[in-house]
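**Q** Submitted below is the structure of interest, expressed as structure tokens.
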Amino acid sequence: MAHSCSAMHHPRLSEYPFRKVYLHCPKCGIEAQYDRDELIRAGGDRELLDFRLEVARRKGCTKTKIDPSRVFDLCGIVYPDLVKAGQ
């Protein structure tokens, strides 16, 4: 049975498995590192996808909005520690 988008689990900052949250964009070189618990205290628990794009926008990325005409030119910011951990 197919799952709807609303039924999908979207990981949150509180579920991030490391104390330091590190983000990196291989396309433009943006890098950022934050303390997970401080982030949650300051801004509440947020979905990792939303937080990732928020950081990219604050760092000046102009490719965070989904545009079907630029599907291959979207923001590339990722959580490299999660990629390494296979999550």
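**Q** If each of Lys59 and Arg12 carries a label point 7 Å out from its Cα toward its Cβ, how far apart are those two points in nm?
**A** For the pair Lys59/Arg12, the computed spacing is 2.5 nm.
**Q** Follow-up question, since we're still on this one. Amide H to amide H under 5 Å from Ile30: which residues, 5+ apart in sequence or cross-chain, H placed 1.01 Å off N in plane?
**A** Amide H neighbours of Ile30, under 5 Å, 5+ apart: Cys25.
**Q** Here is a further query. When only C-alpha pairs under 8 Å and at least 6 residues apart count, what is the relative contact order of region 10-82, in percent?
**A** The value is 38 percent.
**Q** Let me ask you something else. Ordered by packing density, taken as the mean number of other Cβ atoms within 10 Å over each peptide's residues, highest first, how do 41-50, 76-85 rank?
**A** The most tightly packed comes first, giving 76-85, 41-50.
**Q** Based only on Cα atoms, what mean projected area does the convex hull of the chain have, in nm²?
**A** With the hull built on Cα positions only, its mean projection is 6.9 nm².
Only the coordinates and a few stated rules stand behind these numbers; no lab work does. All values derive from a computational prediction rather than experimental measurement. Here Cβ is always computed from backbone atoms with ideal geometry, including for glycine, and neighbour counts include all displayed protein chains.
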